[in-house]
Amino acid sequence: MPNVKNNASAQETRRRLLDAGGQVFAERGLHAATIKEITARAGANMAAINYHFSDKFALYAAVIRHALSLAPGVTSMKRTVGSPEERLRTLIADVIEDMYDPAQPSWLAALLAHEFAQPTAALTTVMDELIQPRVDYVNQIIRDILGPGVSEEQVGRAGMSVTAQCFFYLYNGQVIRRLHPELLRADQKQDIVDHIYEFSLGGLRAMRRQGKPVRRRV
């Protein structure tokens, strides 16, 4: 007997439930979201949740995993060629490019921001599959730029500074629209990449020139 869950109709229903779940969870969070609203937006019946995901919490876990597969910065992590500076620019460009990608679901950034602000059991998955690999990748680029003798504390601070610039644009669109709406125009995309790259590289080169160890508090 063929696997009914794998037929085209079932897969389309599952896709709609994931997208509707992403929208509702992003708007309301896990606990306030209801199966009724999700199925209504998906154009599916209540039984479809049980059929594909068993319950709301399993659906949320599936939505988070779906979001991780779409999260920015994946492409550049597969590129290991080029100088550290070139890899840094590619990483920044990929994150900003994804932010403007019309194929990205509108709820993606809001969902992840909601998870960071009000963590659920899914946070471990987010950290292990989304955050840690990107931190490791950025930190290796930072080490290569700063050169031998750099401390892990310096690497960590520098890496946070670089990524924070990218993710501020990604997760704080509403704030930017209120303060500097001109920065989110499509024709500003390359300017954003150039600014983050030049600002970050300037700071990293200054750290390398100084070559000072991090002062530790006693």
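A few notes on this one:
- For segment 110-116, putting each phi into the Karplus relation 6.51 cos²θ - 1.76 cosθ + 1.60 with θ = phi - 60° gives couplings of 5, 4, 5, 4, 5, 5, 5 Hz, in residue order, rounded to whole numbers and with x for Gly and Pro.
- With the simple model of a label 7 Å out from the Cα in the direction of the Cβ, Tyr100 to Ala8 spans 3.6 nm.
- For the chain, the spherically averaged projection of the C-alpha convex hull amounts to 16.1 nm².
- In the chain, the calculated helix contribution to ellipticity at 222 nm averages -22500 deg cm²/dmol per residue, counting -39,500 (n - 2.57) for every DSSP H run with n ≥ 4.
- Label-reachable residues, segment 96-122, where backbone N falls under 20 Å from a point 7 Å from Glu27's Cα toward its Cβ: 104-118
- Neighbour counting of Cβ atoms within 10 Å sorts the residues Ile35, Ile96, Ile176, Ile145, fewest neighbours leading, into Ile176, Ile35, Ile145, Ile96.
- Estimated from the Cβ-Cβ distance and a Förster radius of 41 angstrom, the FRET efficiency linking Glu152 and Leu70 is about 0.85.
- Using θ = phi - 60° in the Karplus curve 6.51 cos²θ - 1.76 cosθ + 1.60, the 3J(HN,Hα) couplings for segment 199-209 round to 5, 5, 5, x, x, 5, 5, 5, 4, 5, 5 Hz; x is entered for Gly and Pro.
- When exposed loop sites are taken as trypsin sites (Lys or Arg not before Pro) in a DSSP loop with at most 13 other Cβ atoms within 10 Å, the longest stretch of the chain clear of them is 80-184.
The numbers here are math on the coordinates, done by the rules we state, and not lab data. Note that the coordinates shown come from a computational prediction; the quantities given were computed from them, not determined experimentally. Heads up, the Cβs are rebuilt from the backbone with ideal geometry, glycines too, and the neighbour counts pull from every protein chain shown.
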